[in-house]
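J.: One structure, pasted below without further comment.
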Amino acid sequence: MLKKAVVFASGNGSNFQAIVDASKAKEIDVSIELLICNNEDAYVIERAINSGIDTLLVDYKKYTYFEIESMLIKQFKEMKIDYIFLAGFLRKLSPYFVTHFKNKILNIHPSLLPKYKGLDAIEQALANKDKEIGVTVHYVDEKLDNGPIIIQEEINIMGIDSEQVYQNVHELEHRLYIEAINKVMEE
Ligand code: GAR
């Protein structure tokens, strides 16, 4: 049965695009109902407009976490949202929100978690001259970039320049997020 999901993103939105494209191509049994964004200048908003998906801008400078998350919980309930996909969302979600949607929130992170949680995971792997890097999709719990791993894949980056590393990681992300969504839908 077709599930309903929202995507949370703050920046470029290439993962948002990959999910929307997979939905439109029926590679996943999920319809993307809404984009939640906290940055009015983010390119992801333009992607949403071009894809015919509404954006809800959330202003963390004007409202508290509790006010924003209560509003989202109410709205998602009314919309009968089944899943939340985090795709480069640069705000933490509170335990209140995460508990409400237990095992319904997925996140993608550009590292072999539990390695390099937080910001700049790829930069950290490059600075440490790691031989391999990776991408993880996991269920979200109360801690940052934590929670049970759904799928994880490693790529060898020996002798590859940094620009190519970023490109390879993002390509892997776009494929892996779709695989993770399909895996979750089958469970
Ligand atoms: C992606 O690399 C994603 O893994 C990362 O933000 C980027 C968003 O790119 N997420 C995190 O670091 C989460 N801690 P995008 O805007 O092009 O999808």
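J.: If I filter the stretch 25-43 down to residues being more than 21 Å from residue 93 (Cβ to Cβ) and in contact (Cβ under 8 Å) with a residue 24 or more places away in the chain, which single residue comes out as nearest to the ligand (Cβ to nearest atom)?
T.: Here the answer is 43.
J.: Given the conditions (1) open to solvent by 90 Å² or more (accessible area, probe 1.4 Å); (2) of a type outside the set (Asp, Glu); (3) closer than 17 Å to residue 172 by Cβ; (4) within 12 Å of the ligand (Cβ to nearest atom), report the number of the one that residue 143 does not fulfil.
T.: So the condition that residue 143 fails would be (3).
J.: Ok, one more. Do we find that residue 57 is more than 14 Å from the ligand (Cβ to nearest atom) and more than 25 Å from residue 137 (Cβ to Cβ) in this structure?
T.: For residue 57, the condition - more than 14 Å from the ligand (Cβ to nearest atom) and more than 25 Å from residue 137 (Cβ to Cβ) - is met.
J.: Another one. May I ask you to list the residues in the stretch 146-176 that are open to solvent by 90 Å² or more (accessible area, probe 1.4 Å) and outside any loop (DSSP other than H, G, I, E, B)?
T.: Within the stretch 146-176, 154, 156, 163, 167, 171, 175 meet the criteria.
J.: More than 10 Å from the ligand (Cβ to nearest atom) and at pLDDT 95 or above: does that describe residue 157?
T.: Considered against the rule, which asks whether it is more than 10 Å from the ligand (Cβ to nearest atom) and at pLDDT 95 or above, residue 157 comes out as no.
J.: Just give me the residues in the stretch 1-41 being surrounded by 15 or more Cβ atoms within 10 Å (Cβ to Cβ) and either basic (Lys, Arg) or modelled with pLDDT under 95 (or both), in sequence order.
T.: 3, 4
J.: Under the condition of being in a loop (DSSP other than H, G, I, E, B) and in contact (Cβ under 8 Å) with a residue 40 or more places away in the chain, which residue from the stretch 103-115 is nearest to the ligand (Cβ to nearest atom)?
T.: Among those that are in a loop (DSSP other than H, G, I, E, B) and in contact (Cβ under 8 Å) with a residue 40 or more places away in the chain, it is 110.
Residue-wise test of (1) within 26 Å of residue 171 (Cβ to Cβ); (2) open to solvent by 90 Å² or more (accessible area, probe 1.4 Å); (3) hydrophobic (A, V, I, L, M, F, W, C).
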position	(1), (2), (3)
47	yes, no, no
74	no, yes, no
79	no, no, yes
96	no, yes, no
105	yes, no, yes
110	yes, no, no
116	yes, no, no
122	yes, no, yes
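The rows are residues; the columns are (1) farther than 19 Å from residue 9 by Cβ; (2) in contact with an Asp or Glu (Cβ under 9 Å, 6 or more places away or on another chain).
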{"residue": "95", "(1), (2)": "yes, yes"}
{"residue": "144", "(1), (2)": "no, no"}
{"residue": "161", "(1), (2)": "yes, no"}
{"residue": "171", "(1), (2)": "no, no"}
{"residue": "183", "(1), (2)": "yes, no"}
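J.: I'd like the full set of residues that are aliphatic (A, V, I, L, M) and more than 16 Å from the ligand (Cβ to nearest atom), limited to the stretch 76-102.
T.: Answer for the stretch 76-102, where residues must be aliphatic (A, V, I, L, M) and more than 16 Å from the ligand (Cβ to nearest atom): 79, 81.
J.: Somewhere in the stretch 56-76, is a residue touching a residue at least 60 places away in the same chain (Cβ under 8 Å) and either of a type in the set (A, V, I, L, M, F, W, C) or within 25 Å of residue 102 (Cα to Cα) (or both)?
T.: yes
J.: Another one. Look at the stretch 161-185 and say how many of its residues are under 12 Å from the mean Cα position of the chain (by Cα) and within 16 Å of residue 29 (Cα to Cα).
T.: Selection size over the stretch 161-185: 5.
J.: Of the residues 149, 122, which single one is of a type outside the set (Lys, Arg) and free of Cβ contacts under 8 Å to residues at least 40 places away in the same chain?
T.: 149
The values are calculated or read from the model by the stated rules, or taken from the named source; none is laboratory data. These numbers come from a predicted model, not from an experiment. Here Cβ is always computed from backbone atoms with ideal geometry, including for glycine, and neighbour counts include all displayed protein chains. Areas reflect the complete protein model, heavy atoms only, side chains present, ligands, DNA and RNA absent. Shrake-Rupley method; radii C 1.70, N 1.55, O 1.52, S 1.80 Å.
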